[in-house]
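Remarks on the structure that follows.
The values are calculated or read from the model by the stated rules, or taken from the named source; none is laboratory data. Quantities reported herein were computed from a predicted structural model and do not represent experimental measurements. Glycine gets a Cβ as well: all are built from the backbone with ideal geometry, and neighbour counts include every protein chain shown.
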Amino acid sequence: MTRTHLPPLEPLRQILGDRLISDAASCWIYGLDNSRLHTLPAAVALPESSQEVAAIMAHCHAHHIAVTVRGRGTATTGAAVPQANGIVISTERMAAIRAIQPENRLLIAQPGITNQVLQQAAAHHGFFWPPDPTSSAVATLGGNLATNAAGPRAVKYGTPRENTLALEAVTASGEIFRCGSATTKGVVGYDLVRLLIGSEGTLAIITEATLKLTPLPDAIATLRACYANVGAAAAAVARIMAQPAIPCALEMMDGKAIAMSRDYAGSDDLPSGTGALLMIEADGSAATLPESVTAITAAAQGDGCLEIRAAHNKAETAALWQRRKALSPALRQIAPKKINEDVVVPVAQIPALIASLEQLAQEFAITIVNFGHAGNGNLHVNLLINPDDAQQANAAALCLDRIFDRVLHLNGTLSGEHGIGSVKRQWVSREIAPVPLALMQGIKQLFDPHHILNPGKALPDPM
Ligand SMILES: Cc1cc2nc3c(=O)[nH]c(=O)nc-3n(C[C@H](O)[C@H](O)[C@H](O)COP(=O)(O)OP(=O)(O)OC[C@H]3O[C@@H](n4cnc5c(N)ncnc54)[C@H](O)[C@@H]3O)c2cc1C
């Protein structure tokens, strides 16, 4: 691993001492994320404070050195993969909780803390932070914010954009600034908090976040509803979302997903003819939850509904979720290098999207397995291919292109939570029209005039 054209690193070493890693073997692991793309960085910086981040950025700005900030590299899109000869700023040494204020319903933390650790701290005071990606045990707050990562609870409680009050960040040229306020209302100036959230480390480096906390519910109820086909399940999703009792999870699996998890788990407790299922959770106070469950159950019933089963204790809850939990390992076993997209369409368009996916699966002879956060219209569309097989990779690329076209035609969006990174950049201009795209590129120019912050990610380059 010999490297040439290394940027000037000595000033960084003066700032960080042995918290600047520059030997290639130690840097290697910081060069990849869950997209499996890899680029070896010139060095990895492990700052411990906002001031150190600012000093690093001032140096990199002056010398036009590319910088990719990194949480734990669980991004699926290449968003955390650095540029060759760029540097990585890892937030692993910036993982402190600064304050928890139950009376103000907020928690202030550094970006390197994992989602799970901050949830444990909030739970100690009777609260939680709603964003709950499956990767929460590993993924960091900074990564969650920069990708607007969410999970099942987003259907009721929203994403980081709806659950963050204020940020401290460092500009590309090394200035520390704050945006937002510690209040749940405020309308002074432009909303830079929402702008930085989801910007994939391309505008500024988030060094502290003030999070809006929600009280933990007293009780949670779990239901599993089985349907003859995806159309019937999607119609039930639309009925559930059209009434006032919002579930805190509304997850869907299509027939292929059910078959795969059944084969993997080796058991089958579903009614015969089940072609789709919904996992539904409702939460609230113990006094009012039964009323919500009755309303949601009524909405879930209808044409094509084969069975609705409720869990009455922890063991039954685990048993109902078992089919959904078996899915990810099943998919990994069958197609370890599968393509996993996370498109979103308006809830009422889910049946149309699924019908198109079934037709495209036939046309391209690719197995497509769909599941996801149906209450948000957010589907994980899995193309079970082996990308090392050139023919399959080619077919998948063409198929993906058609899927994205269809999603946009249905008034949807290319990504609900995984983001764009480097792998989906080529499609961004298909979703975003020239005028807003030029405005976004202008914003990037303003924040990062030398284009050193996570180059090659999120937006296409200006023409
Ligand atoms: C098994 C698995 C399950 C997953 N499940 C979900 C899921 O349910 N929902 C979901 O939304 N995603 C999911 N993801 C994707 C991923 O975990 C999330 O995007 C997560 O938020 C990334 O966190 P990270 O710490 O790994 O960030 P990284 O991958 O290190 O970085 C992601 C992006 O954030 C930027 N970034 C990181 N820290 C900062 C900072 N301090 N300031 C500015 N930018 C920063 C990086 O530059 C990069 O662009 C999953 C991934 C895996 C591997």
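Surrounded by 16 or more Cβ atoms within 10 Å (Cβ to Cβ), part of a strand (DSSP E or B), at pLDDT 95 or above and touching a Leu at 6+ places or on another chain (Cβ under 6 Å) - does that describe any residue in the stretch 281-291? No.
One line per residue, one yes/no per condition, for (1) in contact with a His (Cβ under 6 Å, 6 or more places away or on another chain); (2) crowded, with 21+ Cβ neighbours inside 10 Å:
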| residue | (1), (2) |
| --- | --- |
| Ile29 | no, no |
| Leu32 | yes, no |
| Ala42 | no, yes |
| Ile97 | no, no |
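When Ala257 is tested against the conditions (1) surrounded by 23 or more Cβ atoms within 10 Å (Cβ to Cβ); (2) part of a loop (DSSP other than H, G, I, E, B); (3) within 16 Å of the ligand (Cβ to nearest atom), the lone failure is (2).
For the stretch 195-205, indicate whether the set of residues that are more than 30 Å from Ile89 (Cα to Cα) and surrounded by 20 or more Cβ atoms within 10 Å (Cβ to Cβ) is non-empty. No, the stretch 195-205 has no match at all.
Quick check on Arg19: is it within 14 Å of the ligand (Cβ to nearest atom) and either of a type in the set (Ser, Thr, Tyr) or farther than 14 Å from Pro7 by Cα (or both)? Reasoning before the result, please.
Numbers: within 14 Å of the ligand (Cβ to nearest atom): no; either of a type in the set (Ser, Thr, Tyr) or farther than 14 Å from Pro7 by Cα (or both): yes.
For Arg19, the condition - within 14 Å of the ligand (Cβ to nearest atom) and either of a type in the set (Ser, Thr, Tyr) or farther than 14 Å from Pro7 by Cα (or both) - is not met.
Scanning the stretch 385-409 for residues that are among the small types (Gly, Ala, Ser) and more than 16 Å from Arg425 (Cα to Cα) turns up Ala390, Ala393, Ala395, Ala396.
Where strands (runs of 3 or more DSSP E) sit wholly within the stretch 98-209, those with at least 1 residues that are more than 16 Å from the ligand (Cβ to nearest atom) and under 28 Å from Pro455 (Cα atoms) occupy 164-170.
Screening Gly142, Gly174, Gly180, Gly189 for residues that are under 15 Å from Leu107 (Cβ atoms) and over 15 Å from the mean Cα position of the chain (by Cα) leaves exactly one candidate, Gly180. Which pairs have Cβ atoms under 7 Å, sit 6 or more apart or on different chains, and link a residue in the stretch 60-89 that is within 13 Å of Gly142 (Cα to Cα) and within 6 Å of the ligand (Cβ to nearest atom) to one that is of a type in the set (A, V, I, L, M, F, W, C) and in a loop (DSSP other than H, G, I, E, B)? Every condition considered, the pairs that remain are Thr68/Ala80; Arg70/Ala80; Gly71/Ala139; Arg72/Val138; Arg72/Ala139; Gly73/Ala80; Thr74/Val138; Thr74/Ala139.
The sole residue among Ile334, Ile350, Ile368, Ile385 that is farther than 14 Å from Arg406 by Cβ, among the aliphatic types (A, V, I, L, M) and surrounded by 18 or more Cβ atoms within 10 Å (Cβ to Cβ) is Ile385. Of the residues examined, Asn340 is one that is under 20 Å from the mean Cα position of the chain (by Cα), outside any helix (DSSP H, G or I) and surrounded by fewer than 19 Cβ atoms within 10 Å (Cβ to Cβ).
On the basis of being touching an Asp or Glu at 6+ places or on another chain (Cβ under 7 Å), at pLDDT below 95 and assigned to a helix (DSSP H, G or I), does Ile354 make the cut?
For Ile354, the condition - touching an Asp or Glu at 6+ places or on another chain (Cβ under 7 Å), at pLDDT below 95 and assigned to a helix (DSSP H, G or I) - is met.
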